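The values are calculated or read from the model by the stated rules, or taken from the named source; none is laboratory data. From a predicted model like this one, the values you see are computed outputs, not experimental measurements. Cβ placement follows ideal geometry from the backbone for every residue including glycine, while neighbour counts extend to all protein chains displayed.
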Amino acid sequence: MRILRSLLPILALAVVLLACGETPRGGPATADAGDAVWLLAGGTVLTMDADGTVLEDGAVAVRGARIEAVGDADELRSRFPQARVVSTEGRIVLPGLINLHTHVPMTLFRGLADDLPLMEWLQEVIFPAEAEHVDEEFVRWGTRLACLEMLRGGITTFVDMYYYEDAIAEEADRCGMRAVVGETLIDFPAPDNKTWEDAVAYTEAFIERWRGHERITPAVAPHAPYTVSAEHLQQSHALAAKHDVPMLIHLAEDMSEVEQILERTGLRPIDYLDDLGILDSRVVAKHVVWPSESEIALLYERGVGVAHCPESNMKVAAGVAPVPRMLAGGVAVGLGTDGPASNNDLDLWGEIDTAAKLHKMVNSDPTLISAPEAIHMATLGGARALGLDGEIGSLEAGKLADLIVVDPSGFHQRPLYDPFSALTYATKASDVELVMVHGRVLVESGRVLSEDTDSVLEKAAEYRQRIAASLDL
């Protein structure tokens, strides 16, 4: 009986997929068939709304790409008697996770250069490896591998900075994910564009192509204050402002960066960007490990979003970002994995767990970054940092239907007293059972529907041989 009961949500979902005329191998199923409503009912729903509403026997009604209603399961069953019902009994339903910072094609560099300081890692290993191996095909296959990993772990939105972002956008679109994709601008020849002028022209064409897409948001991504000149930083911001798109940038990531910028300009990195007139609400700053107290206040005043990447920062010993102080100061902070060459995974559950524990330890205060706060950073906090909190990040009527269903029945999660605690401190990527983006099921019964797993893994193995041979590993 227990086995049958645990299979009920999966069997119900299979019925819905068939009713929608889709097969698992045929691609993502759409919740909306005509004007139909899809009702996920019976589970614990963590809405992550402003009131922190939790529904013990809750339901989420989805029509097309958007959430039609959220409420008591019995009430919504009565309200939508013709709905296709998927039982989520015994499950936890919450908004999809938002990976606020990564470099997805670098999955193909995973484990290539470990245990090195950040600047040595970048300048002596990663930049040369990119110059030799990164082309459009590399970017496509690395992105496909990353999308498999992220979807399997419940990430519905990712924010990327890399090269050949047009290809990354195409792959993200093809697999059904939501993404903010920023073309990297840097003051030396990059894999895709060898001059600054070419990079700017590519970026503008890229933005014009994708701006207005339902799931893909183009962005401008100057790499960092120490790799992009003041003039070029201002030009990057002007381009983002012209097209009303985000600007993504690594900022105050490492103490050596702070020292470089101080020596060159007399200002700390965040103050430096403000002095250039480019620190505003379109900026999403990555890492922000070393802000001063006045710079934290400046981030809030200018409406800058911050991506906290605790595990990557720990691995390269960049330091511990003062996240509790930033949150107390009103700064919008979300969570990111960083690239899989410096983490080495795209598992946001690990970041949630680490963020909740790390700040307790370094501040000798076990009350900092509570379990609900950690989940908030991975959902609505990330959406707020992007300026997308009106559309994603919480389960509320009218918002886009980006949600996940987690199965908390594993040995490592029992007994379950509190869903936030279970999700923060015990949940693994493998516990994610269902993933929906824009009203489409992309993961069902823990299996990614929108990507050919075998071909991606075969290609990753080919790249491993090619890269290892070139580096004599």
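Observations, loosely collected:
- Cβ-Cβ under 9 Å pairs, at least 6 apart or on other chains, the stretch 448-463 side in contact (Cβ under 8 Å) with a residue 60 or more places away in the chain, far side hydroxyl-bearing (Ser, Thr, Tyr): Ala460/Thr107
- Condition broken by Leu148, with the remaining ones in (1) in contact with a Ser or Thr (Cβ under 8 Å, 6 or more places away or on another chain); (2) in a helix (DSSP H, G or I); (3) surrounded by 24 or more Cβ atoms within 10 Å (Cβ to Cβ) satisfied: (3)
- Scanning the stretch 82-101 for residues that are farther than 15 Å from Val316 by Cβ and of a type outside the set (A, V, I, L, M) returns Gln82, Arg84, Ser87, Thr88, Glu89, Gly90, Arg91, Pro95, Gly96, Asn99.
- Residue match in the stretch 360-370 (condition: closer than 30 Å to Ala219 by Cβ and either of a type in the set (Ser, Thr, Tyr) or in the same structural domain as Ala317 (by TED's automatic domain parsing) (or both)): yes
- The stretch 151-171, residues that are part of a helix (DSSP H, G or I) and in contact (Cβ under 8 Å) with a residue 60 or more places away in the chain: Leu151, Arg152, Ile168
- Condition met for Gly64 (small (Gly, Ala, Ser), over 26 Å from Gly334 (Cα atoms), free of Cβ contacts under 8 Å to residues at least 24 places away in the same chain and outside the structural domain of Met314 (by TED's automatic domain parsing)): no
- One residue from Ala332, Ala317, Ala378 being over 21 Å from the mean Cα position of the chain (by Cα) and not acidic (Asp, Glu): Ala317
- Among all positions in the stretch 324-337, there is at least one residue which is farther than 24 Å from Pro419 by Cβ, surrounded by 24 or more Cβ atoms within 10 Å (Cβ to Cβ) and touching a Leu at 6+ places or on another chain (Cβ under 7 Å).
- Considered as a group, the residues in the stretch 454-471 that are of a type in the set (A, V, I, L, M, F, W, C) and surrounded by 11 or more Cβ atoms within 10 Å (Cβ to Cβ) include one that is nearest to Val134 (Cα to Cα), and that residue is Ile467.
- Hits in the stretch 68-93 (condition: free of Cβ contacts under 8 Å to residues at least 40 places away in the same chain, out of contact with any Gly (no Cβ under 7 Å at 6 or more places or on another chain) and surrounded by 22 or more Cβ atoms within 10 Å (Cβ to Cβ)): Leu76
- If the condition is being farther than 22 Å from Phe138 by Cα and part of a helix (DSSP H, G or I), then the stretch 202-238 contributes Glu204, Glu208, Ala230, Glu231, His232, Leu233, Gln234, Gln235, Ser236, His237, Ala238.
- If only residues of the stretch 415-473 that are among the acidic types (Asp, Glu) and part of a loop (DSSP other than H, G, I, E, B) are counted, the one that is modelled with the lowest pLDDT is Asp472.
- Residue list for the stretch 408-421, filter: touching a residue at least 24 places away in the same chain (Cβ under 8 Å) and surrounded by fewer than 22 Cβ atoms within 10 Å (Cβ to Cβ): Pro408, Ser409, Asp418, Phe420, Ser421
- Among residues of the stretch 191-219, those that are small (Gly, Ala, Ser) and either in contact with a Ser or Thr (Cβ under 6 Å, 6 or more places away or on another chain) or under 23 Å from Leu100 (Cβ atoms) (or both), counted: 2
- Of the numbered criteria (1) out of contact with any helix residue (DSSP H, G or I) (no Cβ under 9 Å at 6 or more places or on another chain); (2) over 24 Å from Ala378 (Cβ atoms); (3) hydroxyl-bearing (Ser, Thr, Tyr), the one Ser87 fails is (1).
- When residues of the stretch 192-201 are limited to those that are part of a helix (DSSP H, G or I) and loosely packed, with under 13 Cβ neighbours inside 10 Å, the one nearest to the chain's Cα centre (by Cα): Ala201
- Take the conditions (1) touching a Lys or Arg at 6+ places or on another chain (Cβ under 8 Å); (2) β-branched (Val, Ile, Thr); (3) in a helix (DSSP H, G or I); Val245 misses just one of them, which is (3).
- Listed by position, the helices (runs of 4 or more DSSP H) contained in the stretch 251-335 that have at least 3 residues being farther than 23 Å from Leu348 by Cα and touching a Phe, Trp or Tyr at 6+ places or on another chain (Cβ under 7 Å) are 255-265.
- Condition met for Glu170 (in the same structural domain as Gly334 (by TED's automatic domain parsing), surrounded by fewer than 24 Cβ atoms within 10 Å (Cβ to Cβ), modelled with pLDDT of 95 or more and closer than 19 Å to Ala219 by Cβ): yes
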